[in-house]
Amino acid sequence: MNTFRKDFLWGGATAANQYEGAWDADGKGPSVSDMCTNGSHTTPKRVTPVFEEETLYPSREATDFYHHYKEDIALFAEMGFKVFRLSIAWTRIFPTGMEKEPNEAGLAFYDKVFDECKKNGIEPLVTISHYEMPYALVEKCNGWEGRECVDYYMKYCQTIFERYKNKVKYWLTFNEINAGTMPMGNVLSLGTIKGYSGPINQVPDKPQVRFQALHHQFVASAKAVKLAHEKYPQFKMGNMSLFATMYPFTCSPDDMVETQKQMQMTNWFCSDIQVRGAYPYYAARYFEENGIKIKMEPEDEDILKEGTVDFYTFSYYMSNCVSTNSEKAKSSGNLMGGVKNPYLKSSDWGWQIDPKGLRYTLNEIYGRYGIPLMVVENGLGAYDKLEEDGSIHDDYRIDYLREHILQMKEAVKDGVDLMGYTPWGCIDLVSASTGEMAKRYGFIYVDKYDDGTGDLERRKKDSFTWYQNVIKTNGEEL
Ligand code: BG6
């Protein structure tokens, strides 16, 4: 019976905007995330085009990887990480996105990070753009609505590919690119918020603009993959989708069809393009019914065809139900909600916990594409209690991860080709949806709180030792 590969990539995942801090150090420019205030489970965070003196912008200091990278990478190595997913902050390399020359200090920082990974036997997995678009590009061209972003992104890719060609092998073009299929994607993913000030979930949504912006990301992603394949054959290029698995609430044909439709446009649409190289057949009807007309350049179809990815990666936190009956109780979720599933429990933030859904999802994806898969985000955002002796007993997190790893193992037995697993926020960092510190995912606790206080000291949670043993036994002891 199949089990995890010998070279299975165990590790953890982070993103610069939620982890690095040092938002204006050594020439870095502001990103969209740097312009977001804190929020909570009940109060949405806001994006403000101008800094408000008295307001907290949590990404700005975050948990300060910038000044703790050696210590943190040593802790990851102690856990036995084979891979560390991080993103490069575009604004550290090109502060406005539009400079002719890159910022050498920014490039030098990632040299140090990758060297430190190498020293510790850890392979970096780099997300090129993870909710870190230069804010200057929002002002210049309404974010990805502007076609010129493709060229700015390519310049950034050329720079980092060339600089890190001997240090980085695995690349993901855009984090959760399918966020752009939902109104929530306007802020962090697409930057289509020129002049907007307010809660991130209340941006006036224009599907035409959103899907045009998304088209530009598809072209940019495919061009980056094409460049890598032509010039850097040692690179492995991946997509990254937010997978929000959906079940029909009932077996009524209406619920079935509605679920299929939503699965197509939220979960499959982007990866169908990135893996198969063309817009899928069902998009035409969706565009027609939603008044969307994509403006394409003559070369775009070829670019999409020539820039398909080598492996498929996704985030998986939860599942949801779909019903055509609007009376059903709602659940919260990662960028989107759905209908509550009576068979599932939820996290403190209302995200439904569904380990078996991960096995189901892995099979669905692998059955559709047949290329290697990697789960690059998964985890439980929870309140942790720091005991007086400095310990953190996070058995609830261990339970969550254990159940998900067990189901990954089942999927591998089913025959799915799974390359690796990088649980989200392997060290505590700022929440993307709410801007909170209280929503923690890490194996490592960071002394940092929602009011901005904390001395940033790192402490091992119980899950640290547990995960260390999981890696040591290649997932045999859970
Ligand atoms: C994914 C993002 O949506 O989920 C991460 O790629 C994010 O950036 C993670 O942090 C967890 O979401 P949240 O809102 O709990 O931080």
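The values are calculated or read from the model by the stated rules, or taken from the named source; none is laboratory data. Predicted, not measured: the structure shown is a model, and the values here were computed from it. Using ideal geometry, Cβ is built from the backbone for each residue, glycine included, and neighbour counts are taken over all protein chains shown. To get the accessible areas, we keep the full protein, side chains included, count just its heavy atoms, and leave off ligands, DNA and RNA. Shrake-Rupley method; radii C 1.70, N 1.55, O 1.52, S 1.80 Å.
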Compute the distance in nm between two label points, each set 7 Å from the Cα along the Cα-to-Cβ direction, one at Lys472 and one at Asp395.
2.1
Before anything else, pin down the relative contact order of region 1-108: Cα pairs under 8 Å, at least 6 apart, normalised by residue count, whole percent.
39
Give me the percent of the accessible area of region 359-468 that comes from carbon and sulfur atoms, probe 1.4 Å, all protein chains in place.
46
Probe radius 1.4 Å, ligands and nucleic acids ignored: give me the carbon and sulfur share of the accessible area of region 157-197 as a rounded percent.
46
Here the FRET efficiency for Glu288 versus Ala108, based on Cβ atoms and R0 = 60 Å and rounded to 0.05, is 0.75
Counting sequence-distant residues (5 or more places) and residues on other chains, those with an amide H built under 5 Å from that of Ile88 are Thr127
Ignoring everything except DSSP H segments at least 4 long, calculate the 222 nm mean residue ellipticity for the chain; use -39,500 (n - 2.57) per segment, divide by total residues, nearest 500.
-10500 deg cm²/dmol
Keeping every protein chain present and rolling a 1.4 Å probe, give me the accessible area per residue for region 200-273 in Å².
37
Using a probe radius of 1.4 Å on heavy atoms only, what accessible surface per residue do you get for region 23-87? Whole Å² is fine.
40
Cα shape, the chain, gyration tensor, a/c 1.5 rule:
rounded
How far apart, in nm, are the 7 Å Cα→Cβ label points at Thr48 and Met256?
5.2
How far apart, in nm, are the 7 Å Cα→Cβ label points at Glu297 and Asn120?
4.0
Carbon plus sulfur, as percent of the 1.4 Å-probe accessible area of region 205-251, comes to 60
Among all stretches of the chain without exposed chymotrypsin sites (Phe, Trp or Tyr not before Pro) (DSSP loop, at most 13 other Cβ atoms within 10 Å), which one is longest?
52-280
